[in-house]
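Read through the structure below, which is laid out as structure tokens, and then see the notes.
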Amino acid sequence: MNFQETLFPGYTIGEDAYQNIPAVCAPFGKKAAIIGGKHALAAAEEKIRRAVEGSGIEVTGTYWYGGEASVENIAMLEPQVKEADMLFAVGGGKAIDTVKVLAHMTHRPFFTFPTIASTCASCTSLGILYHPDGSLREYSFSKIPPNHIFIDPQIIADAPVKYLWAGMGDTMAKHFECTTSSRGDVPSHSDAMGIALSSMCAEPILRWGQKAMEDCKAHQVTYELTEIILSIIVSTGLVSNFVQVDYTTGLAHAIYNGFTILPSTEEHHHLHGEVVSYGILAMLTIDKKYEERDKVLAFNRSIGLPTRLSDIHAKPEDLPAVAEKALQGIDVRKWPYAVTVEMIVDGIQELEAATE
């Protein structure tokens, strides 16, 4: 068919956000299945059930998503939720992506309830699937995002602060990568809209991120924390829905992928956004954008995000293998210049010297 379609979710945010479930969800059916992670369900299930009590929306059951966003867990869940008209996805990225792909496969509306602010999964149409051992399986592409996002900032404020910390690192990359990958192009309307919006993935974090971290540690919902939650979940998600995949990824994520080959990355439980934040610094150094790099560098230092190889338990001798792996994916197939192994190694070494 000769047309383009771009869809976006609505969202509700606030400590009473779940009270809006009946008004938003009633047009989509009468039966809902709740699916999520164990910690997420413990935090949100009772609030969801109270919100729909007496509304005409029946909860058919609550189900653990299986612990991995895999086709095996999707197959496990499908018969369990067959009576549901709609699906409620509760938790972080993997739980939400599991429900998202299940909803796409079974042609049902789905609603997301993020309980941590670490990714934009609860806003996007893209799903990421893994093998049962946790290794990447495939991207599940769709044009259909959640119908609506329900964000309770108190639940997020009560979650471990490390997720917000890493989420800010990953979110900033969206701006720096898509503005670099599109350099020299004349983007189409949708791409141009997303690229323009991407400033909202970096500016609020650089402005309010340190305060938001302090508030999250204190389990306090504040203006600053709410703004950062919206930046991580909504701003980044909208950019992802607007912009083609070659613009939404880039060298920071390529460098992250490179570091995943090191056993130390897994052994020390370095989070995705944590390593991506280091990748931003390396990317901006390679790109000779020193003013922007130094702003991110100062921010990373202010909240303890990595600025040196030692912060992510890597060593200079690891760099050739890391750089080789970084260039094996799709992340820089669309970039304003050819990226080489030597360029990555030299850029990271330059960053090391600048942060001594």
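The values are calculated or read from the model by the stated rules, or taken from the named source; none is laboratory data. Since the structure is predicted, the reported quantities are computational estimates derived from the model, not experimental observations. Cβ sites come from the backbone with ideal geometry, for glycine too, and all protein chains shown count toward neighbours. Accessible surface is based on the protein model in full, side chains and every heavy atom, while ligands, DNA and RNA are left aside. Shrake-Rupley method; radii C 1.70, N 1.55, O 1.52, S 1.80 Å.
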(message) I'd like to check something: does segment 88-98 contain any residue that is at pLDDT below 95 and either of a type in the set (D, E) or open to solvent by 30 Å² or more (accessible area, probe 1.4 Å) (or both)?
(response) yes
(message) Pairs please, first residue from segment 161-189 and on the phi > 0 side of the Ramachandran plot, second anywhere and open to solvent by 40 Å² or more (accessible area, probe 1.4 Å) and not basic (K, R), Cβ atoms under 6 Å, 6+ apart in sequence or on different chains.
(response) G184/P336
(request) Return yes when I286 is modelled with pLDDT of 95 or more, within 23 Å of I205 (Cβ to Cβ) and crowded, with 16+ Cβ neighbours inside 10 Å and no when it is not. (result) yes
(request) Would you be able to say whether some residue in segment 58-71 is touching a residue at least 40 places away in the same chain (Cβ under 8 Å), assigned to a helix (DSSP H, G or I) and open to solvent by 60 Å² or more (accessible area, probe 1.4 Å)? (result) no
(message) Return the pair list, or none, for Cβ contacts closer than 8 Å from residues in segment 205-229 that are over 14 Å from A117 (Cβ atoms) and modelled with pLDDT of 95 or more to residues that are open to solvent by 90 Å² or more (accessible area, probe 1.4 Å) and not hydrophobic (A, V, I, L, M, F, W, C), at least 6 apart or on different chains.
(response) L206/K295
(request) State all residues of segment 107-141 that are open to solvent by less than 40 Å² (accessible area, probe 1.4 Å), in a loop (DSSP other than H, G, I, E, B) and modelled with pLDDT under 90; if no residue qualifies, say none. (result) G134
(request) Please determine, by comparing only the residues of segment 333-356 that are open to solvent by 30 Å² or more (accessible area, probe 1.4 Å) and within 23 Å of the chain's Cα centre (by Cα), which one is farthest from N257 (Cα to Cα). (result) K334
(request) State which residue is farthest from the chain's Cα centre (by Cα) when the search covers only segment 240-261 and only residues that are hydrophobic (A, V, I, L, M, F, W, C) and either within 25 Å of P145 (Cβ to Cβ) or assigned to a helix (DSSP H, G or I) (or both). (result) F259
(request) Please work out which residue is most open to solvent (accessible area, probe 1.4 Å), limiting yourself to segment 262-276 and to residues that are closer than 15 Å to M168 by Cβ and part of a helix (DSSP H, G or I). (result) H272
(request) Could you list all residues from segment 76-112 that are among the hydroxyl-bearing types (S, T, Y) and either touching an Asp or Glu at 6+ places or on another chain (Cβ under 9 Å) or without any contact (Cβ under 8 Å) to a residue 12 or more places away in the chain (or both)? (result) T98, T106
(message) When you check P160 against the structure, is it under 23 Å from A212 (Cβ atoms), modelled with pLDDT of 95 or more, surrounded by fewer than 19 Cβ atoms within 10 Å (Cβ to Cβ) and not aliphatic (A, V, I, L, M), yes or no?
(response) yes
(request) Considering only segment 1-30, state which residues are under 19 Å from A103 (Cα atoms), open to solvent by 70 Å² or more (accessible area, probe 1.4 Å) and outside any helix (DSSP H, G or I). (result) E5, F8, Y11, K30
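In segment 121-161, how many residues are of a type in the set (G, A, S), more than 30 Å from I261 (Cβ to Cβ) and touching a strand residue (DSSP E or B) at 6+ places or on another chain (Cβ under 8 Å)? Show your work before the answer.
Within segment 121-161, the first condition is being of a type in the set (G, A, S), and the residues that meet it are 121-122, 125, 127, 134-135, 140, 142, 157, 159.
In the following step, the residues that additionally are more than 30 Å from I261 (Cβ to Cβ) were identified as 157.
If we keep only those that are touching a strand residue (DSSP E or B) at 6+ places or on another chain (Cβ under 8 Å) as well, we get none.
Of the residues in segment 121-161, 0 are of a type in the set (G, A, S), more than 30 Å from I261 (Cβ to Cβ) and touching a strand residue (DSSP E or B) at 6+ places or on another chain (Cβ under 8 Å).
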(message) I'd like to verify a number: residues in segment 31-45 that are touching a helix residue (DSSP H, G or I) at 6+ places or on another chain (Cβ under 9 Å) and either among the aromatic types (F, W, Y) or open to solvent by 30 Å² or more (accessible area, probe 1.4 Å) (or both), how many?
(response) 1
